[in-house]
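Asker: What follows is a structure written as structure tokens; I'll ask about it next.
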Amino acid sequence: MSRIGIAGLGYVGLPLAVAFAEAGHEVTGLDVDPAKVEAVGSGRSYVEDVPDSALAPLGERLRATADYAELAACEAAIVCVPTPLSGSREPDLTYLLDSATSLSQVLQSGQLVVLESTTYPGTTRERLLPILERSGLTAGSDFHLAFSPERIDPGRTDYTVRTTPKLVGGITEACAERARELYAEICDEVVVLSSPETAELSKLLENIFRSVNIALVNELAQLCDRLRIDVWEVIDAASTKPFGFMRFEPGPGMGGHCLPVDPFYLAFKAREHDFYPEFIELAGKVNQAQPAFCVERIERALNQASKPVKGSRVLILGASYKAGSGDTRESPALKIIARLQGLGGDVSYHDPFVPELPELGLTSVDLDEALASTDLAAIVTAHPGIDYAQVVSTAPQVIDFRGVTRGIEAKNLERL
Ligand SMILES: NC(=O)c1ccc[n+]([C@@H]2O[C@H](COP(=O)([O-])OP(=O)(O)OC[C@H]3O[C@@H](n4cnc5c(N)ncnc54)[C@H](O)[C@@H]3O)[C@@H](O)[C@H]2O)c1
């Protein structure tokens, strides 16, 4: 049994902290947000994948704090802080550098530090290492340093922390080996790579692969709209090929902390080397245009019913970026709502996971009441537990941007 510190108790850090505590380790979870420290301390989870019932049996094995000094007693410290984009869509490493600075003040000889936050290749060695070495300790000899990307997919139950292979890349072979031993406690398979840079770039490849393929099917959906071909039927058909094709689904655009953000991290690094990654930028452009295409579809549908957007009641179903989650970061629903509001639409939304959207001046409305009084309902994020057949049978017009009404044919229903 060892003591493990986790800096950043969010979507990534909290499930990781729980996994180590469940494996019998003493975990010190650290967050600069006092509300999260308080919540974990009183056994309340704010991450959908971690039910309160998972925190209760851990007792003192998971302790939350806002004080970096408590990490001095840990054998390993794992950093899971945010890596967002700045206003000009450049990597914003502020949280990471702040965390590293705090960590450098308590770093102890013999400790292992692992970065899990998604970032561009070179961050661990070029940005984290020099700050940690301000402690007077040397990476690779006095303390170990590695990068290990998080592969969590919030809401997913078929693959868990244990069954998803974990990549590690160390500053030295010994660093990688220490990281391998650490993660072997909670993962069935740990894959050791030759460097942190390889591990950093592998994570970006995984996300960029998704971004590019989602852009491809989103573009296909726009073309299918012109050709009057059902894009879902095309994708279902192509998916019957048992090799050489991988299914991706179109939608209202990409959201979340990762897919809309991570490609820009690599594009930034590439530019430093006079390289312009066109696939990545094009995929970002296509995906970011998708909410505007959805608004155009809503406008057209209302137009067919001789209604302008201005003054029409539009009900958005699902505000978070993903089904089963309350995460609204970069959610295309927010862009769709804002654009419709800008056109004078009387917009409301229903989302059992998102009670309010203060930035848009809205709170989630009762589904049955809203369906009975709306002009059009748009399925933007298809949360489980909603009867979409009933949505189609109640609302005067329905547009489904997620393909959940496949199998239903009705005059008042359109799909992406
Ligand atoms: N959410 C995902 O599905 C996912 C999946 C894979 C990788 N990632 C990556 O993991 C990292 C964390 O993402 P997340 O979704 O958990 O973010 P999050 O915002 O949910 O959680 C990050 C936490 O870090 C805390 N924090 C900020 N600065 C801190 C500091 N200096 N010291 C300690 N804590 C600090 C914040 O208060 C917050 O609670 C990001 O790099 C992200 O790209 C996320």
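Asker: Using a cut-off of 11 Å between beta-carbons, work out the net charge of the residues near Gly403 (Lys and Arg +1, Asp and Glu -1, Gly403 not included).
Answerer: Around Gly403, the surrounding residues sum to -2.
Asker: For the residue pair Glu60 and Glu206, what label-to-label distance in nm results when each label sits 7 Å from Cα along the Cα-to-beta-carbon direction?
Answerer: 3.6 nm
Asker: Using amide H atoms built 1.01 Å from N in the peptide plane, name the residues 5+ places from Ser2, or on other chains, whose amide H lies under 5 Å from its own.
Answerer: For Ser2, the qualifying residues are Glu26.
Asker: Let me ask something else about it. Compute the distance from the alpha-carbon center of region 157-224 to that of region 342-356, in whole Å.
Answerer: 35 Å
Asker: Also: Running a GNM on the chain with Cα contacts under 10 Å, which residue among Glu206, Glu369, Glu181 ends up with the highest mean-square fluctuation?
Answerer: Highest fluctuation among the options: Glu369.
Asker: Could you pull out every residue, at least 5 positions away or on a different chain, whose amide H is within less than 5 Å of the one on Phe143? Hs are placed 1.01 Å off N in the peptide plane, and Pro or chain starts have none.
Answerer: Distant-sequence amide H within range of Phe143: Gly110, Thr138.
Asker: I'm a student and want to see the number: the projected area of the Cα convex hull of region 167-207, averaged over all directions, in nm².
Answerer: 2.8 nm²
Asker: Sticking with this one: Where both partners of a DSSP beta bridge lie in region 269-416, what percent of those bridges are antiparallel, to the nearest 5?
Answerer: Close to 10 percent.
Asker: Hey, for a label at Asp153 modelled as a point 7 Å past Cα toward Cβ, could you say which residues of region 43-76 have their backbone N under 16 Å away?
Answerer: Counting backbone N atoms under 16 Å from the label point, the list is 49.
Asker: By average Cβ neighbour count within 10 Å, what is the ranking of 258-266, 227-235, 287-295 from highest down?
Answerer: By packing density, highest mean first, the sequence is 258-266, 287-295, 227-235.
Asker: Rounded to whole Hz and in sequence order, give me ³J(HN,Hα) for region 107-123 from the Karplus expression 6.51 cos²θ - 1.76 cosθ + 1.60, θ = phi - 60°, writing x for Gly and Pro.
Answerer: These are the phi-based 3J(HN,Hα) values: 4, 10, 4, x, 6, 10, 10, 10, 9, 10, 4, 5, 6, 7, x, x, 4 Hz.
Asker: Mind giving me the nanometre distance, one decimal, between the label points for Ser88 and Ala238, set 7 Å out from Cα along Cα→Cβ?
Answerer: 3.7 nm
Asker: Also, quick follow-up: Computed over the Cα atoms, what is the radius of gyration of the chain divided by 2.2 N^0.38 Å, N being its residue count?
Answerer: 1.07
Asker: Please work out how much accessible surface Phe248 shows to a 1.4 Å probe, ignoring ligands, DNA and RNA, in Å² rounded to 10.
Answerer: 20 Å²
Asker: How far is it, in nm, from the label point at Arg300 to the one at Gln390 when both lie 7 Å from their Cα along the line to the Cβ?
Answerer: It works out to 3.1 nm between the two label points.
Asker: If R0 is 35 Å, what FRET efficiency do you get for Glu359 and Glu38 from their C-beta distance, rounded to 0.05?
Answerer: Using R0 = 35 Å, I get an efficiency of 0.90.
Asker: Restricting to the chain, compute how many DSSP beta bridges are antiparallel as a %, nearest 5.
Answerer: In the chain, DSSP labels about 10 percent of beta bridges as antiparallel.
Asker: Compute the FRET efficiency between Ala372 and Glu48 as 1/(1 + (r/R0)^6), taking r as their Cβ-Cβ distance and R0 = 30 Å, and round to the nearest 0.05.
Answerer: The computed FRET efficiency comes out at 0.55.
Asker: Below 12 angstrom from the Cβ of Gly41, what's the summed charge of the other residues (Lys, Arg +1; Asp, Glu -1)?
Answerer: 0
The values are calculated or read from the model by the stated rules, or taken from the named source; none is laboratory data. Model, not experiment: these values are computed from the prediction. Glycine gets a Cβ as well: all are built from the backbone with ideal geometry, and neighbour counts include every protein chain shown. Side chains are part of the model used for accessible areas, which takes the heavy atoms of the whole protein and leaves out ligands, DNA and RNA. Shrake-Rupley method; radii C 1.70, N 1.55, O 1.52, S 1.80 Å.
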